[in-house]
Amino acid sequence: MAGTLNKVMLIGHLGDEVKMHYFEGGGCVGRFPLATNETYVSKQTNERVTNTEWHNIVVRNKGAEICEKYLSKGDKVYIEGRLKTRKWQDEGGNERYSTEIQCTDFTFLSTKKESEANASNAAASPVSKPETKPEATKAPVIEDDEDDLPF
């Protein structure tokens with residue numbers, strides 16, 4: 001293979017609101033944590049185990065503004081981007097590293113408001129099946145010898 005690839009695809013839930021930072025030139029950056037879950041059954045205890053992995057998402061300019069406007073904590077979103085590791089110094093002068101997902105594309109899968117509305121509607125109006133009686137009538141059989149089917 002001649003080239004390399006740095007691509008990340010995630011589906012998860014926002015762990016917090018989108019935090020915006022605006023620059024003098026008119027650009028902006030939005031940051032938010034994204035949680036992804038892995039669930040499996042432990043062979044030793046036979047119990048269901050869920051591990052949560054947290055990802056730092058960075059969205060720029062128009063995409064950041066859209067995320068700030070429409071996303072909130074708990075929303076489910078598809079994120080596509082690339083890994084980027086930053087090096088910085090903390091207050092004590094120690095070198096620190098932070099790995100982020102530089103978002104290049106995203107799709108809103110569900111909002112918290114939609115999820116809450118669906119849950120409250122399901123709880124408020126239980127689904128009832130209408131009673132149906134089997135009918136003895138049969139649909140007429142249509143015979144057509146002039147089919148255009150190749151078999």
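Relative to the present Cα-Cα distance, how much length would full extension add between residue 96 and residue 35 at 0.36 nm per residue of separation?
My answer for the length gained is 19.7 nm.
Express in nm, to one decimal, how much length is gained between residue 69 and residue 52 on full extension, taking 0.36 nm for each residue of separation and deducting their alpha carbon distance.
So the extension gain works out to 3.5 nm.
Out of every Cα pair in the range 1-124, what percent are spaced more than 24 Å from each other?
Cα-Cα pairs of the range 1-124 separated by over 24 Å account for 43 percent.
Can you find, among 108, 8, 37, the residue farthest towards the positive end of the dipole of the range 1-123? Put +1 on the C-beta of Lys and Arg, -1 on that of Asp and Glu.
8
Bear in mind these aren't lab numbers, they're just calculated from the coordinates by the rules spelled out. Here the structure is a predicted model, which means the values were calculated and not measured. Don't worry about glycine lacking a Cβ; one is built from the backbone with ideal geometry, like all the others, and counts go over all protein chains shown.
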